[in-house]
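Visitor: So that we are looking at the same thing, I have put the structure below in structure tokens.
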Amino acid sequence: MLSQRQGRIVSAMIVLFMCHACGGGGGGTPAGSNSTTGTTTGTTTGTTTGTTTGTTTGTTTGTTTGTTTGTTTGTTTGTTTGTTTGTTTGTTSNPSAGELAGKSLSNQQCTGSDKPPLTTLPMAQDDFAFILPYGLMVGGHVTPVDHQYFSPTNFDSAPGTYPVFAMADSFLHGITTRTHSGQGPYKSQTVTDYRMVFSLSCHLLYYYDLVNELAPGLQEQLNASGGKLAVRAGQLVGRIGNQTLDFAVWDMDKPLTTFIVPKHYDREAWKLYTADPLDYYDAPTKAKALAKYIRTAAPVSGRIDFDQDNRLIGNWFAENSDGTTTGYDGTGNGEYWVTHLAFAPHFLDTSRFIISIGNWPKPAGASQFISVEGSPDPANVEPATGLVKYTLANFEQRVQGQTWNGKSMPGGAISIVAQAGVKGCMLVQMLGAREIKAEAFPDLACTAVTGFTAAAQKYIR
């Protein structure tokens with residue numbers, strides 16, 4: 001989540017977006033000195049008649065599974081002393097890490113494990129121009145973003161212009177808010193953003209952000225429900241305008257596996273479970289979404305995880321003096337992204353890579369650049385490569401040779417092109433499989449940079 005300033009983001013310098021124990025069963029312990037641990041499963045059919053007299057001392061550990069059929073008649077008298085140790089075979093049902101995360105993200109209110117389809121898009125088909133994929137890097141979003149954007153048909157519309165709907169029969173669990181100034185003709189207006197988390201079960205959730213009006217009575221109904229408000233597919237939950245709608249699907253059974261150290265993302269636990277929405281829509285809804293997609297490279301829904309061991313590509317976090325890192329959590333002073341650095345493909349034109357720098361000097365602050373040279377590809381940079389220099393430039397998005405305004409459906413594939421002028425030089429070197437040294441030199445050409453200074457920063461992952 002971003003600060004108010006970083007909340008208003010610019011897509012490639014053109015488009016403004018608002019961002020922002022089910023343990024194994026155990027038998028009881030009877031009077032005396034016996035201890036029985038395990039599970040007994042089966043069926044006993046028959047008659048037992050007789051008398052058992054004596055003392056049993058020992059420990060029985062194990063599982064008995066099967067069927068006993070018959071009749072036992074007789075008398076047993078005596079003493080049995082000893083220990084019986086066996087093998088326990090059974091089923092232990094412990095919540096997965098994903099299910100526990102689903103519980104946490106729903107404030108412990110989700111139930112079940114079903115994954116019914118999403119049958120309604122968040123906005124009516126005519127109310128949004130296009131869908132931006134996962135993976136944008138812009139401003140304080142130094143690492144590729146974990147949500148898509150539904151861009152309203154009239155981007156300069158008033159806040160609250162377009163209705164926003166629930167995507168399936170689901171439960172609303174939480175609404176959080178923040179405020180900021182509007183954009184364009186509504187700059188003098190204070191706008192409230194609402195972030196909303198829904199579950200279909202503990203294994204499948206979705207969320208919205210940047211909704212700027214709630215449906216009448218929704219907050220009161222949520223409060224009265226105790227944090228588990230049932231909503232129907234297509235039910236009005238809010239309205240939006242003057243900015244994009246953030247949206248993502250979380251599949252708690254399918255964590256992303258490319259992030260090298262998942263714990264680095266504890267600040268935003270949902271990020272690891274970001275899933276392709278196309279895999280969860282029913283057929284009609286999927287067709288409607290695809291009609292508004294503008295990315296042509298697979299996966300067309302976008303991607304956020306690019307880490308590779310022994311390669312520069314992916315996300316990096318500033319290394320502390322003791323060799324550790326706070327990861328995505330950053331400095332903890334509100335601008336967590338200052339300690340982030342990323343080298344990843346552009347989210348629309350994947351033939352070009354972006355250098356995304358969290359500690360770029362203010363007033364600009366965190367910024368994204370294209371490499372004028374276009375090489376070496378970060379996916380090919382390894383420790384043996386040595387020192388690498390990238391000339392930094394701003395860039396623009398073009399469609400058929402013309403600058404795209406970022407507000408209407410593009411009439412073709414989007415490419416990014418470096419703008420004239422050099423913004424600086426990035427010096428980077430891989431020190432090991434998971435450590436780099438990097439330093440940005442604003443306003444300097446790479447020909448004027450001979451090596452690292454004392455200001456260079458080490459990053460790890």
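Visitor: Check which residues have an amide H placed less than 5 Å from residue 136's amide H, if you skip close sequence neighbours.
Guide: Residues meeting the criterion, in which the H sits 1.01 Å from N, are 145.
Visitor: While we're on this one: In square nanometres, what is one fourth of the surface area of the convex hull spanned by the alpha carbons of segment 406-453?
Guide: 6.3
Visitor: Please work out the average accessible area per residue across segment 84-243, using the 1.4 Å probe convention, and give it in Å².
Guide: Dividing the accessible area of segment 84-243 by its residue count gives 38 Å².
Visitor: Just the accessible area for residue 331, please: 1.4 Å probe, Å², rounded to the nearest 10?
Guide: The value for residue 331 is about 70 Å².
Visitor: With only alpha-carbon atoms counted, please give the Rg and Dmax of segment 314-372, in Å.
Guide: Rg, Dmax (Cα atoms, Å): 12.6, 38.
Visitor: Sticking with this structure for a sec: Regarding segment 291-333, what is the average projected area of its C-alpha convex hull, in nm²? Spell out each step's value before the answer.
Guide: Numbers: hull surface 21.5 nm².
Quarter of the Cα hull surface area: 5.4 nm².
Visitor: Let me ask you something else. In cubic angstrom, how much convex hull volume per residue do the alpha carbon atoms of segment 368-456 span? Please list the in-between numbers first.
Guide: Working: hull volume 11.6 nm³, N = 89.
Spelled out: Cα convex hull of segment 368-456, divided by residues, is 130 Å³.
Visitor: If each of residue 223 and residue 253 carries a label point 7 Å out from its Cα toward its Cβ, how far apart are those two points in nm?
Guide: My value for the distance between the label points is 3.8 nm.
Visitor: In terms of solvent-accessible area of protein heavy atoms at a 1.4 angstrom probe, what is the ranking of 103, 288, highest value first?
Guide: Most to least solvent-accessible, the answer reads 288, 103.
The values are calculated or read from the model by the stated rules, or taken from the named source; none is laboratory data. These numbers were taken from a predicted model, which means no experiment stands behind them. Quick reminder, even Gly has a Cβ in these numbers, built from the backbone with ideal geometry, and neighbours come from all protein chains shown. The area values use the complete protein model at the heavy-atom level, side chains included, leaving out ligands, DNA and RNA. Shrake-Rupley method; radii C 1.70, N 1.55, O 1.52, S 1.80 Å.
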